[in-house]
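Engineer: One structure, as structure tokens, below. Some questions next.
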Amino acid sequence: MMATTHAAVGAAVGAAAAAVAAAAPELTPVLLAAGAAGGVFPDFDLYAGHRRTLHFPVYYWVAAAVAVAVAVAAPSALTVAASVFVVAAAAHSAMDAVGGGLELRPWEATSQRAVYNHFHGRWEPPRRWIRYDGAPEDLLLAGAATAPTLFVAGGDPVVVRVALGALAVSAGYVALRRPLASVAERLAAAAPAPVRPYVPDRFL
Ligand SMILES: [Zn+2]
């Protein structure tokens, strides 16, 4: 799934928390931001063991249960935002298992690796409900996941602008997704020797 889809789903987690914490509406933007940040966080491993180093499809849920328990026992901006962040990161790792595989052209469906499951010590196979990042159904999911954010934002112009801007960027990415794979491949092939070790394998 696209980074923007993960961010939108993470923000939806924040929106759910904001609905629960309706007595503190000033927290809403913080919770939306914490959710979006947690939603994209696992993909910071893109250049170092992608979908393995920061992806924990089981352990994040354990951490999430602890974080939510702490937030319920001692509610504060920090504990609630932290729990939203961890739940969003857990959702990201789980979502990767129902997307495409780790390959340059995931629509060809040749990879059997979706996300690494540290608990079972093996790669989860791609379920391909969302066939690949940037697929039309990926955009549909991003759009649906943005709805709760717009709902709790209550017309906050910054939230609305960021959310709709992200959807516009997503639409552009979906339109260019397939040609972009060839561009990335050509750029990787032209990369100077000192840079090559940092080019992810799937581009070479
Ligand atoms: Zn991921």
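Engineer: Name the pairs whose Cβ atoms lie under 7 Å apart, with the first residue in the stretch 118-141 and outside any loop (DSSP other than H, G, I, E, B), the second among the small types (Gly, Ala, Ser) and modelled with pLDDT of 95 or more, and 6 or more positions between them or separate chains?
Structural biologist: Qualifying pairs under 7 Å: LEU139/SER170; LEU139/ALA171.
Engineer: Suppose the filter is at pLDDT 95 or above and not charged (D, E, K, R); does PRO148 pass it?
Structural biologist: Yes, satisfied.
Engineer: Look through the stretch 50-59, keep the residues that are part of a loop (DSSP other than H, G, I, E, B) and of a type outside the set (D, E, K, R), and return whichever of them is nearest to GLY101 (Cα to Cα).
Structural biologist: From the stretch 50-59, those part of a loop (DSSP other than H, G, I, E, B) are 50-58; that's our starting set.
When the remaining residues are screened for being of a type outside the set (D, E, K, R), the result is 50, 53-58.
Details: HIS50: 11, THR53: 16, LEU54: 17, HIS55: 14, PHE56: 16, PRO57: 15, VAL58: 19 Å.
Among residues in the stretch 50-59 that are part of a loop (DSSP other than H, G, I, E, B) and of a type outside the set (D, E, K, R), the one nearest to GLY101 (Cα to Cα) is HIS50.
Engineer: Looking at the stretch 45-84, which of its residues are within 15 Å of the ligand (Cβ to nearest atom), touching a residue at least 40 places away in the same chain (Cβ under 8 Å), hydrophobic (A, V, I, L, M, F, W, C) and more than 18 Å from GLY121 (Cβ to Cβ)?
Structural biologist: LEU46
Engineer: Could I ask something else about it? Tell me which residues, restricted to the stretch 117-134, are open to solvent by less than 30 Å² (accessible area, probe 1.4 Å), of a type in the set (Phe, Trp, Tyr) and more than 26 Å from GLY172 (Cβ to Cβ).
Structural biologist: Residues satisfying the conditions do not exist here.
Engineer: Let me ask another. Tell me, yes or no, whether the stretch 135-157 has at least one residue that is within 16 Å of the ligand (Cβ to nearest atom), surrounded by fewer than 16 Cβ atoms within 10 Å (Cβ to Cβ) and either over 20 Å from the mean Cα position of the chain (by Cα) or of a type in the set (Lys, Arg) (or both).
Structural biologist: no
Okay, residues lined up against (1) assigned to a loop (DSSP other than H, G, I, E, B); (2) closer than 15 Å to THR5 by Cα; (3) out of contact with any strand residue (DSSP E or B) (no Cβ under 6 Å at 6 or more places or on another chain); (4) open to solvent by 50 Å² or more (accessible area, probe 1.4 Å):
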| residue | (1), (2), (3), (4) |
| --- | --- |
| ALA48 | yes, no, yes, yes |
| TRP61 | no, no, yes, yes |
| ALA64 | no, no, yes, no |
| SER83 | no, no, yes, no |
| ALA94 | no, yes, yes, no |
| LEU104 | yes, no, yes, no |
| TRP107 | no, no, yes, yes |
| GLN112 | yes, no, yes, yes |
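Engineer: Another question, then. If I filter the stretch 181-204 down to residues being part of a helix (DSSP H, G or I) and in contact (Cβ under 8 Å) with a residue 24 or more places away in the chain, which single residue comes out as surrounded by the fewest Cβ atoms within 10 Å (Cβ to Cβ)?
Structural biologist: Selected residue: TYR198.
The values are calculated or read from the model by the stated rules, or taken from the named source; none is laboratory data. Note that the coordinates shown come from a computational prediction; the quantities given were computed from them, not determined experimentally. Note that each Cβ is placed from the backbone with ideal geometry, even for glycine, and that neighbours are counted across all protein chains shown. Side chains are part of the model used for accessible areas, which takes the heavy atoms of the whole protein and leaves out ligands, DNA and RNA. Shrake-Rupley method; radii C 1.70, N 1.55, O 1.52, S 1.80 Å.
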